[in-house]
Amino acid sequence: MNILVINCGSSSLKYQLINSKSEEVLAKGLCERIGINGGAIIHQPADGEKIRWEKDMPDHTAAVKLMIESLMDEQTGVIHSLEEIDAVGHRIVHGGEKFSSSVLITDEVQREVEECCDLAPLHNPANLIGIRSCKEVMPNVPMVGVFDTAFHQTMPKKAYMYGLPYEYYEKHKVRRYGFHGTSHDFVSARAAQILGKDRKDLKIIVCHLGNGASVSAVKNGESVDTSMGLTPLEGLIMGTRSGDMDPAIISFISKKEQISAEEVIDICNKKSGVLGLSGGLSSDFRDLAESAEAGNESAKIALDTYAYRVGKYIGAYAAAMNGVDAIVFTAGAGENNSQVRQLIGQYIGFLGTNIDEEKNKLRGQEVILSNEGSKVVTMIVPTDEEMAIARETERLV
Ligand code: ADP
């Protein structure tokens, strides 16, 4: 089965065409600056060169058409007709309390996803546009929605409730949802496989450390807690997001700087995290690690503060599960940045992680970092959200 995986943003569309049997990525690409001047598609077939084609796309339907053209093009193509696309899997950010697993997309499902737009105003509308555009161009192809929030729907009430008046939960569904669920699910399942154990018998902490970052506690195969909340702003310090902070800071800064609460939240999303902590140096962990090594104090402070927060969450989740068998690092910085892992390692040694310094220098591959016989196994498991979406899509279709 050939499955087209779509991740649609407000002005971009990422895609991968995956053969679900061989799990081979046949082609992948990105349409950027949709609806803005200067649009382009970057397309790469598995065994060919990456090409960039400048072409304005007035809307997402134009982007979907351009993607299909590239997939079927004589030179860059990997299929000959639309018939060779058996199903489309869409990444959808927020499924609210409605979706605890992936679903076949029907008109009813689309309506329900629309109802979740309030909870993810930047993401869900764009995901819906992607679904509608694909339906327009491929009306007969079955489509599946895979939600970032779904895996965390198993969290118990004590983990997802805020200490706020209960009526806000009842009236407005204000609660913790968590994100990156597809990744936490994929990575914890793979970690159990590598350890040769059933995930149902394990307590796993997954640290998904990308630009956006979250930690999850996966007990007996189910997410029982995760660090992101109502929105992806809660939890860890991230590339540009503040993570946890005293909510009173919002009105405090708003008064002091004479800006609105919305503007403060925007700063918390886009100008904070390690970018803000490093005095605007960079949100990228490669830059920060290099600068820290060269002696830059603000880069060191940013990395230390970041690692300390991750360490605290790992400690908290070991308590939440009353123990931990494995701690897994994944996503951009988790997979690739040994300095970040080493800094986090300082705080979790008491659990019996026993991380090997040499093994910790490895990156981007499945590897067990702990020395043999350690009480808790630490490991790197690269995430693959597109493959996870393709598997879910195949399962449902
Ligand atoms: P997202 O998908 O959330 O945009 P990624 O998972 O791609 O983010 O992670 C991006 C982060 O990973 C960046 O901060 C980047 O510095 C870090 N990263 C990616 N590759 C490397 C590498 N080779 N070495 C060190 N850090 C890396």
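Where a number appears in this text, it was derived from the coordinates with a stated rule and is not lab data. Here the structure is a predicted model, which is why all the values come from computation and not from measurement. Positions of Cβ are backbone-derived with ideal geometry, glycine not excepted, and every protein chain shown enters the neighbour counts.
Data overview
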| item | result |
| --- | --- |
| Normalised per residue, the volume of the convex hull around the Cα set of segment 270-350 (Å³) | 96 Å³ |
| Angle in degrees between helix 248-257 and the longest Cα principal axis of the chain, rounded to the nearest 10 | 80 degrees |
| Coarse-grained scattering of segment 308-362 at q = 0.15, 0.31 Å⁻¹, given as base-10 log I(q)/I(0) from a Debye sum over alpha-carbon atoms | -0.41, -1.43 |
| Global geometry of segment 223-312, whether rounded, prolate or oblate, following the gyration tensor of its Cα atoms and the 1.5 cut on a/c | oblate |
| Only Lys, Arg (+1) and Asp, Glu (-1) charged, at Cβ; the chain dipole about Cα centre in debye | 1060 debye |
| Most positive-pole-ward Cα, N337, S227, L362, against dipole of the chain from beta carbon charges | S227 |
| Calculated from backbone phi, Karplus (6.51, -1.76, 1.60) coupling profile of segment 93-110 in Hz, x at Gly/Pro | 6, 10, x, x, 8, 6, 10, 9, 7, 5, 9, 5, 7, 10, 4, 4, 4, 4 |
| Segment 45-188: radius of gyration and largest Cα-Cα distance (Dmax), Å | 18.4, 61 |
| Per-residue [θ]222 nm for the chain (sum of -39500 (n - 2.57) over DSSP H runs n ≥ 4, rounded to 500) | -11000 deg cm²/dmol |
| Per residue convex hull volume, Cα atoms of segment 1-88, in Å³ | 78 Å³ |
| Residues with amide H under 5 Å from that of M228, placed H, sequence gap 5 or more | F179, V215 |
| Gaussian network model of the chain, Cα within-10 Å springs - most flexible of R176, R199, R111 | R111 |
| Lys pairs under 26 Å by Cα in segment 263-368, provided they are eight or more residues apart or on distinct chains | 9 |
| Footprinting exposure proxy for Y160, Y15 (fewest neighbouring C-beta atoms within 10 Å first) | Y160, Y15 |
| Global form of segment 143-288, assessed from the alpha-carbon gyration tensor, a/c cut-off 1.5 | oblate |
| Segment 244-397, Rg to Rh (Cα coordinates; Rh as Kirkwood inverse mean 1/r) | 1.05 |
| Rg [Å, one decimal], Dmax [Å, integer] - segment 114-155, C-alpha atoms | 12.3, 38 |
| Pairwise Cα inverse-distance average, inverted: Kirkwood Rh of the chain (Å) | 22.1 Å |
| DSSP-assigned coil residues among GluC sites (Glu not before Pro) in segment 341-395, each with at most 15 further Cβ atoms within 10 Å | E357, E358, E366, E372 |
| For segment 383-397, Karplus couplings with θ = phi - 60° (6.51, -1.76, 1.60), whole Hz, Gly/Pro x | 7, 8, 5, 5, 5, 4, 5, 4, 5, 4, 5, 4, 4, 7, 7 |
| Net dipole in debye of segment 175-332 [+1 Lys, Arg Cβ; -1 Asp, Glu Cβ; about Cα centre; nearest 20] | 380 debye |
| Exposure proxy ranking, count of Cβ atoms within 10 Å, fewest first, for M387, M245 | M245, M387 |
| Calculated from backbone phi, Karplus (6.51, -1.76, 1.60) coupling profile of segment 332-345 in Hz, x at Gly/Pro | x, 6, x, 7, 10, 9, 5, 5, 4, 5, 5, 5, 5, x |
| Order of V113, V141, V93 - criterion: other Cβ atoms within 10 Å of each residue's Cβ, fewest first | V141, V93, V113 |
| Candidate lysines for bridging to K98, where Cα separation is under 18 Å - those fewer than 8 sequence places away on the same chain excluded | K157, K171, K173 |
| Mean separation of Cα contacts under 8 Å (6+ apart) over length of the chain, as relative contact order % | 14 percent |
| For the chain, share of DSSP beta bridges that run antiparallel, in % to the nearest 5 | 70 percent |
| Whether segment 185-230 is rounded, prolate or oblate, judged on the alpha carbon gyration tensor where a/c under 1.5 counts as rounded | oblate |
